[in-house]
Amino acid sequence: MTDPTESTPPPDELRLASREALVFWVVGALVLGAVVVLRVAADVLLLTFAGLLFGNALRGAAEQVSRRTGLGMAPSLIVCIVLLLALGAGVVLWIAPAVGEQADQLQNQLAAALTSLQDSLRRTQLGHALVPATSGDYMRQATDWLAKHAAFAGSFLLGVGGVLGAVLFVLFVTLYFAFSPGIYRRGALALVPPAYRPRTAQLLDALSTTLRRWVWAQLITMTALAIASIVGLKLLGIPLALALGLLAGLLLFVPYLGSIVSAIPALLIALTVGPMHVIYVV
């Protein structure tokens, strides 16, 4: 018979194994918790960054107004805010009815364009292999379902719960940063060792200037692209040029992919006009 003590690890080894197992599970729980927190906070971080971008740009515009008019920073910010609100309200009142009408038509015409594209592909040998005969039925069913539920789901989830909350959050961060940027600056400098704070302050100033110029340049580019797209599509005889042009301008804010994604609806609508119009739109 064997001695039972020979198969039992010493107490020191048991304590070491228990400690390693505890460390493993604690680290795993921390990593999992960090992933969950980052996933939940991702949208908040993106909205916060957007608010900081717009607040920095608004602060830069107010500094220009203050430098040219001699007003204080707070009155200059109020002037900029009032001008932006007036400009936004004027644009909305001018184009909102037409955009709302064309948006509904765009949804219907995109569904028809997809069906037409599938039918055209199915007439070719390669397209017939890629597009099964039943996919059209599935597409029509999906389109009908979306048409029935998009109004309610969009207005409730996106319109009320998502977009409104996101706009209010971004607006709050924008105004707070525009009126009190020093709080963020001092907080960032407090995270840096004292010896590196002067250099960090210079980098923050350079970063602030660069971001201001980028935001205003991006807004100018978006506006120019929207106007050029609207005019170009109208000259080509493409329906719903206003909605497609505004979509192209808005999606330009998304780097790299925005312009490509915004071209897809325009190409599908051009397909309903004629094959050559697709080439013209490209």
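The values are calculated or read from the model by the stated rules, or taken from the named source; none is laboratory data. Quick caveat: nothing in here was measured; it's all calculated off a predicted structure. Ideal geometry is used to build each Cβ from the backbone, glycine not excepted, and the neighbour counts take in all protein chains shown. Quick note on the areas: whole protein, heavy atoms, side chains included, nothing else; ligands and nucleic acids left out. Shrake-Rupley method; radii C 1.70, N 1.55, O 1.52, S 1.80 Å.
Quick notes
- Accessible-area ranking of Leu233, Leu46, Leu251, largest first, probe 1.4 Å: Leu46, Leu251, Leu233
- Label zone at Arg185 (point 7 Å along Cα-to-Cβ), backbone N below 20 Å, the stretch 198-226: 198-216
- Ligands, DNA and RNA are left out, and with a 1.4 angstrom probe the accessible area of the stretch 239-279 is 50 Å² per residue.
- Rounded to the nearest 0.05, the FRET efficiency derived from the C-beta distance between Val79 and Val44 at R0 = 41 Å is 0.85.
- Label-point gap, in nm, between Leu250 and Ala224 - each point 7 angstrom along Cα→Cβ: 2.2
- Relative contact order (percent, whole number), the stretch 182-248, Cα cutoff 8 Å, 6+ residue spacing: 22
- Cα centroid separation, the stretch 173-237 to the stretch 266-281 (Å): 37
- Largest to smallest accessible area among Val44, Val215 [probe 1.4 Å]: Val44, Val215
- Exposure of Asp205 as accessible area (Å², to 10), given a probe of 1.4 Å and all protein chains: 80
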